[in-house]
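For reference, the structure discussed in these notes is given below.
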Amino acid sequence: MALSNPLRMIENNIEVPKSLQGITGIAENEMNPEWLGLTERDQDIIWKAVKDLYRTGAYPALSICIRRHGEILLNRSIGHAKGNGPGETGEKVVATPDTPFCLFSASKAITAMLVHLLEERNQINLMNPVSFYIPEFAAHGKKRITVQQILSHRAGIASFKDIEPEVLFDHDAIMNLIYDAEPTDVHGRELAYHALTGGYVLGELVQRVTGESIAEFLRKNVQEPMGMRNFNYGCPDERYPEVATNYLTGFPIMFPVKQLIKRVLGAELGTAIELSNDPRFYQQVIPAGNITATAEECSRFFHCLLSGGDYEGKRIFQPVTIERAVREVSATELDRTLFLPMRYSAGMMLGNYPVGLYGPASPHAYGHIGLTNNFCWADPERMISVSLLTSGNPLIGSHFPRLVMLLTTISRRCKKVFKK
């Protein structure tokens, strides 16, 4: 018996059927890969890597959309949106390419672009202190922390300490916690991923400057102009049943990783995932973590960035706005929250060389990941915009080699069109 079998027995994963045909959805808008500079074999190999990832059992549902030169190469789903979590019984609902998923922290990339849009319109300056727009933020030594520092995870307010998880449903309570927080560094020298705090600050900033919620600002400036049914913070009550249920999968999380996750999220991972399935979670605006969207909608958004901010003749962002948003803030550095070497722009997680978040040889790629298993990015050298959304959230598990293989396969099969 292979060594991997007994290891997988202790994972909290799903039972995978031998045949995936009955739980696979393929959209009708895929293009002939040869029109996109690939072959049918390239497409088949990428799809095989997706199926191999699903067969690890880490994801009750996954959905992927890959655009190349703006046209859809893959737009597919595998699994069940509901009813097939680890040990779950009852009615199963098959996922489709139209199933919305929670983006979790991949929401940060969209939130960041809304803030950059305010600067494009001369409504803010990223180098101004946050307190210029939100006076309450100045308390306890935060007076000179800039909007740019918030966007680039250098504001010194990386995490909440000892909070009740349900406080996430109380916007005013969250903001008061942030106002009362004492920064660990006010000079921007400390890189530490802001899992939730930064998003709330940016959402409040949009509210103060525009007089409307960040959800309304997103609807008017991106969601509706780009013709997206979903792609906003939370979702209407009537659409909540459509959203894929999230599950904790993978190996049990033990000390010290368990404590690290609690420090990052303000709650244990299992508690955070449980809260993400609460209807109240989708009634909130959580700028750092609760946009719901399909993989195709996310791919569409990142293609818009890749094409200089234009979508079907509509100007969503100016090209210079995107350039500012994806420009490296600093070289690769150890993130003191994630304890990983990271490259950030003012709002994006950046790729790297020889290998990075979005596969090998992708130093110009930009995007964001969400709760370790949602990946949304654009790669200007390969002219691809990719979204991989999942409903399983393993932190550690046997899925990892297959995830790396999928990212690698996408990068290798979608060869570079040009070098930046």
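The values are calculated or read from the model by the stated rules, or taken from the named source; none is laboratory data. Since we're looking at a predicted model, the values are computed, not measured. Positions of Cβ are backbone-derived with ideal geometry, glycine not excepted, and every protein chain shown enters the neighbour counts.
Name the single residue, out of those in region 63-99 being on the phi < 0 side of the Ramachandran plot and small (Gly, Ala, Ser), that is modelled with the lowest pLDDT. Don't jump to the end; show me each part of the working.
Residues of region 63-99 that are on the phi < 0 side of the Ramachandran plot, as a first pass: 63-68, 71-78, 80-82, 84-86, 88-89, 91-99.
This time we only want the ones that are small (Gly, Ala, Ser), so: 63, 77, 81, 85, 95.
Details: SER63: 98, SER77: 98, ALA81: 98, GLY85: 95, ALA95: 98.
Here the answer is GLY85.
May I ask you to list the residues in region 24-49 that are among the aliphatic types (A, V, I, L, M) and closer than 15 Å to THR99 by Cβ? Give the steps one after another, and end with the answer.
Step one: filter region 24-49 for residues among the aliphatic types (A, V, I, L, M), giving 26-27, 31, 36, 38, 45-46, 49.
Once the filter is applied, which keeps residues that are among the aliphatic types (A, V, I, L, M) and closer than 15 Å to THR99 by Cβ, region 24-49 yields ILE26, ALA27.
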(request) Name every residue in region 232-248 that is without any contact (Cβ under 8 Å) to a residue 60 or more places away in the chain and crowded, with 20+ Cβ neighbours inside 10 Å, in order of residue number. (result) GLY234
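Could you please let me know if ARG327 is closer than 27 Å to ARG189 by Cβ, at pLDDT 95 or above and not small (Gly, Ala, Ser)? Please lay out each step first, then the result.
Numbers: closer than 27 Å to ARG189 by Cβ: yes; at pLDDT 95 or above: yes; not small (Gly, Ala, Ser): yes.
Answer is yes for this residue.
Condition check ((1) in a strand (DSSP E or B); (2) in contact with an Asp or Glu (Cβ under 7 Å, 6 or more places away or on another chain); (3) modelled with pLDDT of 95 or more) across all residues:
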site	(1), (2), (3)
PRO363	no, no, yes
PHE375	yes, no, yes
SER398	no, yes, no
VAL404	no, no, yes
ARG412	no, no, yes
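Quick one: is LEU20 touching a strand residue (DSSP E or B) at 6+ places or on another chain (Cβ under 8 Å) and without any contact (Cβ under 8 Å) to a residue 60 or more places away in the chain? Before the answer, list the steps.
On the way: touching a strand residue (DSSP E or B) at 6+ places or on another chain (Cβ under 8 Å): yes; without any contact (Cβ under 8 Å) to a residue 60 or more places away in the chain: yes.
Judged against the criteria, LEU20 is a match.
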(message) Among the residues of region 110-119, are any within 29 Å of ILE46 (Cβ to Cβ), crowded, with 21+ Cβ neighbours inside 10 Å and not β-branched (Val, Ile, Thr)?
(response) yes
(message) Considering only residues that are within 26 Å of LYS262 (Cβ to Cβ) and in contact with a helix residue (DSSP H, G or I) (Cβ under 9 Å, 6 or more places away or on another chain), which ones fall in region 331-347?
(response) THR337, LEU338, PHE339, TYR344, GLY347
(request) Might you let me know whether region 258-276 holds any residue that is under 15 Å from the mean Cα position of the chain (by Cα), of a type in the set (Ser, Thr, Tyr) and closer than 27 Å to GLU11 by Cβ? (result) yes
(request) Can you give me the number of residues within region 351-360 that are surrounded by 24 or more Cβ atoms within 10 Å (Cβ to Cβ) and either more than 16 Å from GLU323 (Cα to Cα) or hydrophobic (A, V, I, L, M, F, W, C) (or both)? (result) 2
(request) Can you work out which of the residues in region 359-409 that are free of Cβ contacts under 8 Å to residues at least 24 places away in the same chain and not aromatic (Phe, Trp, Tyr) is nearest to VAL264 (Cα to Cα)? (result) THR372
(message) Take the conditions more than 25 Å from VAL320 (Cα to Cα) and assigned to a helix (DSSP H, G or I) and apply them to SER131. Does it pass?
(response) yes
(request) Give me the pairs, please: first residue somewhere in region 67-90 and within 29 Å of GLY313 (Cα to Cα), second residue anywhere and among the charged types (D, E, K, R) and at pLDDT 95 or above, beta-carbon distance under 7 Å, and either six or more positions apart or on two chains. (result) ILE72/GLU30; LEU73/GLU30; LEU73/ARG67; LEU74/GLU30; ASN75/GLU30; ASN75/GLU296
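Please give the strands (runs of 3 or more DSSP E) falling wholly within region 1-109 in which 2 or more residues are of a type in the set (D, E, K, R) and crowded, with 20+ Cβ neighbours inside 10 Å. Step through it out loud before you land on a result.
On the way: elements: 24-26, 61-68, 71-82.
Those strands (runs of 3 or more DSSP E) span 61-68, 71-82.
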(message) Against the conditions (1) buried (at least 23 other Cβ atoms within 10 Å of the Cβ); (2) among the hydrophobic types (A, V, I, L, M, F, W, C); (3) modelled with pLDDT under 95; (4) assigned to a loop (DSSP other than H, G, I, E, B), where does ILE163 fall short? Just the number, please.
(response) (1)
(request) Give me a count of the residues in region 361-396 that are surrounded by fewer than 24 Cβ atoms within 10 Å (Cβ to Cβ), farther than 23 Å from TYR193 by Cα and in contact with a Ser or Thr (Cβ under 7 Å, 6 or more places away or on another chain). (result) 1
(message) If a residue counts only when it is in contact (Cβ under 8 Å) with a residue 60 or more places away in the chain and crowded, with 18+ Cβ neighbours inside 10 Å, which helices (runs of 4 or more DSSP H) contained entirely in region 169-231 have at least 2 such residues?
(response) 197-210, 214-218
(message) Given the criteria acidic (Asp, Glu) and at pLDDT below 95, does GLU15 qualify?
(response) yes
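Can you say whether THR111 is among the hydroxyl-bearing types (Ser, Thr, Tyr) and out of contact with any helix residue (DSSP H, G or I) (no Cβ under 9 Å at 6 or more places or on another chain), as far as the supplied structure shows?
Values: among the hydroxyl-bearing types (Ser, Thr, Tyr): yes; out of contact with any helix residue (DSSP H, G or I) (no Cβ under 9 Å at 6 or more places or on another chain): no.
In short, no.
Give the residues of region 308-340 that are within 18 Å of the chain's Cα centre (by Cα) and surrounded by fewer than 20 Cβ atoms within 10 Å (Cβ to Cβ), sorted by residue number.
We begin by selecting, within region 308-340, every residue within 18 Å of the chain's Cα centre (by Cα); these are 322, 325-326, 335, 337-338, 340.
Hits for region 308-340 are ASP335, THR337, LEU338, LEU340.
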(message) Here are the criteria: (1) under 22 Å from THR146 (Cβ atoms); (2) loosely packed, with under 14 Cβ neighbours inside 10 Å. Tell me which single one GLY347 does not satisfy.
(response) (2)
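Only one of PHE251, PHE281 is in contact with an Asp or Glu (Cβ under 6 Å, 6 or more places away or on another chain) and either in contact (Cβ under 8 Å) with a residue 60 or more places away in the chain or under 18 Å from SER159 (Cα atoms) (or both); which?
Among PHE251, PHE281, only PHE251 is in contact with an Asp or Glu (Cβ under 6 Å, 6 or more places away or on another chain) and either in contact (Cβ under 8 Å) with a residue 60 or more places away in the chain or under 18 Å from SER159 (Cα atoms) (or both).
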